[in-house]
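Chemist: Can you keep this structure in mind? I'll have questions shortly.
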Amino acid sequence: MNLGECYGALAGADAVIHLAAIPVAYSHPNEVTFQNNVMSTYNILEAAAGLGIAKVVLASSESSYGIVFSKQNLAPSYLPVDEEHPQLPEDCYGLSKIVAEKAADMFHRRCGMQVVSLRIGNVITPEMYQNFPGFIHDSKPRRTILWSYVDARDIAEACRLSIETQGLGSVALNLAADDTSMDLTNRELMKAEFPEVTDIRMPLDDYRTLLSNEKAKKLLNWQPVHQ
């Protein structure tokens, strides 16, 4: 949507939840993905600011850390991957999410708008759980997402809480279920796929998420319940 269309669409809104985007890298030409995702988000934020809308929620992504679509087999710098982890994408999609987060920071500085950028992991809808038995014993297919997932219903709850919670400023929050999607311990998974990672800041003898969701729990009082 161009800026004028965004003004029209958002007129009269109390808050905005903006989740629309090209959702993956390499499904479209790189410049198309980057321009669509960056400019649509910028226009939403610009229109919201112009209309005096005080709160916006954006869909960012775990892809911004660079591991998901890496062609160089990028490994995590440390575990668990929290919001302070380096963002090192090689792809236009991950980069577009970083630019959107920086735009959110700018609009917060300009007018005090609260913007929550939700770094969403692998989205699972209820009917997709039937696929889990096909991969829970195989470390390789889901290695680049660190075996994480988050239920679409829990994402919706995080969006609601992001609007209702006060005083967040501009903040990025990981969203993930509490456990991985696997029936292998984290120690088994890391040994198989990322043995080079030595900076481990969590126990590995269980199944807890490697994409930390602690900040979202703390700031939003969010709890993933569908897992």
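Chemist: In segment 211-227, which residues are in contact with a strand residue (DSSP E or B) (Cβ under 7 Å, 6 or more places away or on another chain) and open to solvent by 20 Å² or more (accessible area, probe 1.4 Å)?
Modeler: If the condition is that a residue be in contact with a strand residue (DSSP E or B) (Cβ under 7 Å, 6 or more places away or on another chain) and open to solvent by 20 Å² or more (accessible area, probe 1.4 Å), then Lys215, Leu219, His226, Gln227 are the ones that fit.
Chemist: May I ask you to list pairs of residues, at least six apart or on different chains, whose Cβ atoms are under 7 Å apart, with the first in segment 178-197 being surrounded by fewer than 18 Cβ atoms within 10 Å (Cβ to Cβ) and the second being at pLDDT below 95?
Modeler: Pairs that qualify, where the first residue is surrounded by fewer than 18 Cβ atoms within 10 Å (Cβ to Cβ) and the partner is at pLDDT below 95, are Asp178/Gln227; Asp179/Gln227.
Chemist: Residues of segment 36-86 being within 27 Å of Leu210 (Cα to Cα), in a loop (DSSP other than H, G, I, E, B) and of a type in the set (A, V, I, L, M), which ones?
Modeler: Ile67, Val68, Leu74, Ala75
Chemist: Please specify each residue of segment 142-181 satisfying the condition of being over 21 Å from Val68 (Cα atoms), touching a helix residue (DSSP H, G or I) at 6+ places or on another chain (Cβ under 8 Å) and aliphatic (A, V, I, L, M).
Modeler: Ala158, Leu161, Leu168, Val171
Chemist: Still on this structure, I have one more. Restricting to segment 79-104, name every residue that is surrounded by fewer than 19 Cβ atoms within 10 Å (Cβ to Cβ) and free of Cβ contacts under 8 Å to residues at least 60 places away in the same chain.
Modeler: Result: Glu84, Pro86, Gln87, Leu88, Glu90, Lys102.
Chemist: When the residues of segment 121-172 are filtered to those that are open to solvent by less than 40 Å² (accessible area, probe 1.4 Å) and acidic (Asp, Glu), which remaining residue is farthest from Lys55 (Cα to Cα)?
Modeler: Among those that are open to solvent by less than 40 Å² (accessible area, probe 1.4 Å) and acidic (Asp, Glu), it is Asp151.
Chemist: Give segment 1-49 a look and list any residue that's over 21 Å from Arg110 (Cα atoms) and of a type in the set (D, E, K, R), or say none.
Modeler: Glu5, Glu31
Chemist: Also: So, in segment 51-78, of the ones that are among the polar types (S, T, N, Q) and open to solvent by 50 Å² or more (accessible area, probe 1.4 Å), which residue ends up nearest to the chain's Cα centre (by Cα)?
Modeler: Looking at residues that are among the polar types (S, T, N, Q) and open to solvent by 50 Å² or more (accessible area, probe 1.4 Å), I get Ser77.
The values are calculated or read from the model by the stated rules, or taken from the named source; none is laboratory data. Only a predicted model underlies this, so the values are computations on that prediction, with no experimental measurement involved. Glycine also receives a Cβ, built like all others from the backbone with ideal geometry; neighbour counts cover every protein chain displayed. Side chains are part of the model used for accessible areas, which takes the heavy atoms of the whole protein and leaves out ligands, DNA and RNA. Shrake-Rupley method; radii C 1.70, N 1.55, O 1.52, S 1.80 Å.
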